[in-house]
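See structure below.
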Amino acid sequence: MKNYDYHHLDHVKEQQTSKKTLWITLLLTLFFTIVEVAGGLISHSLALLSDSAHMISDVLALGLSMAAIYMATRKPNRKYTFGFLRFEIIASFLNGLALAVIALGIFVEGIQRMIHPVEVKLPTMLTIAVIGLIVNIVLTVVLSRSMKEEENLNVKSALWHFIGDLLSSVGIIVSAVLIYFTGYHFLDPLISMVIGGIIFTGGAKIIRESYLVLMESVPDQFDLDAIRSDIRALEGINDVHELHLWAVSTDHYSLTAHVFIRIDMQAFQVISAINQLLQEKYGIAHSTIQIEHPSIHDHGEYGKQFLLKHA
């Protein structure tokens, strides 16, 4: 295969910690999903069944996240010049949508169960919920530690899945205890609807974050006006325009800008100074700077006003 010259930034993301974490999480989740589906069917608990549906989505989401991590290790080519880093964001967006759809499904089923209550088998429901609580605590801790070591939106979306699962397990246990002492079986769908609301909140957050990346918006941690001001303050630079900053993936940022420089300045020196500023102050390693002058490059009314001002 032909090698392409994308050497300035490798456009590849090797995340061994995230990869290991997701494999462990995927296997444990798959095992407990089977257990919970069986338990929900036997006990007739909507809370358990809604949580098992969420667990099935977890398995699919984790599989998608694993695919994204492996895709991110592929080198760029003549068609995908940024490599396959953006697949991480696409996977996260789909995961967020899955969370939101599942939450809505739980809410609809909860309303139906409120209208037509179903008696649940408390011992089975409680046993499965306790096992689920232990599993979800372990998985939440594993994912939280991974997030501290490596920033990855897929791991973050998986963490939200398991925070929802953890709360689901707590809710199911509380539901079982309350039903045992009060006999009110409507508490099972009621608590499942509360769980659905929490799951929807997590899904909406993931959707928003991935949507902003897909729309190539300026990442929240950067102030574009401050960057523009810092570049303009460098020696020999008179103007900065066509400034764009976006995230290809988490922790992979790109910036492009056009700058007017003094006639007596060396273009290479200016570009070197800008790149050094962006790298050292903002951690932006991938930047493309175009040197211009309005007397040579047509900028319409903008260029005319600039020339009048600096005449």
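The values are calculated or read from the model by the stated rules, or taken from the named source; none is laboratory data. All of these numbers come straight from a predicted model, not from anything done at the bench. When we count neighbours, we look across all protein chains shown, and the Cβ atoms used for this are built from the backbone with ideal geometry, even at glycine. Remember, those area values only see protein heavy atoms, side chains included, never the ligands or the DNA or RNA. Shrake-Rupley method; radii C 1.70, N 1.55, O 1.52, S 1.80 Å.
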Revision key, fill the gap. For log10 I(q)/I(0) by the Debye sum over Cα atoms at q = 0.10, 0.14 Å⁻¹, with candidates (1) -0.67, -0.99; (2) -0.84, -1.26; (3) -0.56, -1.10, the value calculated from the shown model is option (1)
Check your understanding: Ignoring any ligand, DNA or RNA, what whole percent of the accessible area of the chain comes from carbon and sulfur when the probe is 1.4 angstrom?
Key -> 64
Practice item. Work out which helices of the chain, taken as complete DSSP H runs, extend at least 20 Å along their axis over the Cα atoms and score a mean Kyte-Doolittle of 0.0 or more, then list them. Key: 16-43, 46-71, 87-115, 122-149, 153-182, 187-214
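Can you count the Lys pairs in the chain with C-alpha separation below 14 Å, eight or more apart or on different chains? Intermediate results must be reported in sequence, preceding the final value.
On the way: Lys2/Lys75; Lys2/Lys79; Lys13/Lys75; Lys19/Lys156; Lys148/Lys156; Lys156/Lys205.
Lysine pair count for the chain: 6.
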Check your understanding: Any idea how far apart Glu301 and Leu178 come out in nm if each label point goes 7 Å out from Cα toward Cβ?
Key -> 6.3
Review point. Put +1 on the Cβ of each Lys and Arg and -1 on the Cβ of each Asp and Glu in the chain; which of Val248, Gln279, Met55 then has its Cα farthest toward the positive end of the dipole?
Key: Met55
Exercise for review: Multiply the residue gap between Asp230 and Glu242 by 0.36 nm, knock off their C-alpha separation, and tell me the result in nm, one decimal place.
Suggested key: 2.8 nm
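From the Cα gyration tensor of region 162-311, with a ≥ b ≥ c the square roots of its eigenvalues, which class applies: rounded if a/c is under 1.5, or else prolate if a/b is larger than b/c, or else oblate? Working shown, then result.
Details: a/c = 5.64, a/b = 3.81, b/c = 1.48.
Prolate is the answer for region 162-311, as a/c is 1.5 or above and a/b outweighs b/c.
Under 1.5 on a/c is rounded, so check that first for region 86-128, then, if it is not, pick prolate when a/b is larger than b/c and oblate when it is not; a ≥ b ≥ c are the square roots of the alpha carbon gyration tensor eigenvalues. Write out the running numbers ahead of the final one.
Details: a/c = 8.51, a/b = 2.05, b/c = 4.16.
Oblate, because a/c is 1.5 or more while a/b does not exceed b/c.
So if I place +1 on the C-beta of Lys and Arg and -1 on the C-beta of Asp and Glu, and nothing else carries charge, what would the dipole magnitude of the chain be about its Cα centre? I want it in debye, nearest 20. Before the final figure, lay out the partial values.
Numbers: 22 positive and 29 negative charges, 113 e Å.
Roughly 540 debye, rounded to the nearest 20.
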Review point. So what is the accessible area of the chain per residue, in Å², with the probe set to 1.4 Å?
Key: 51
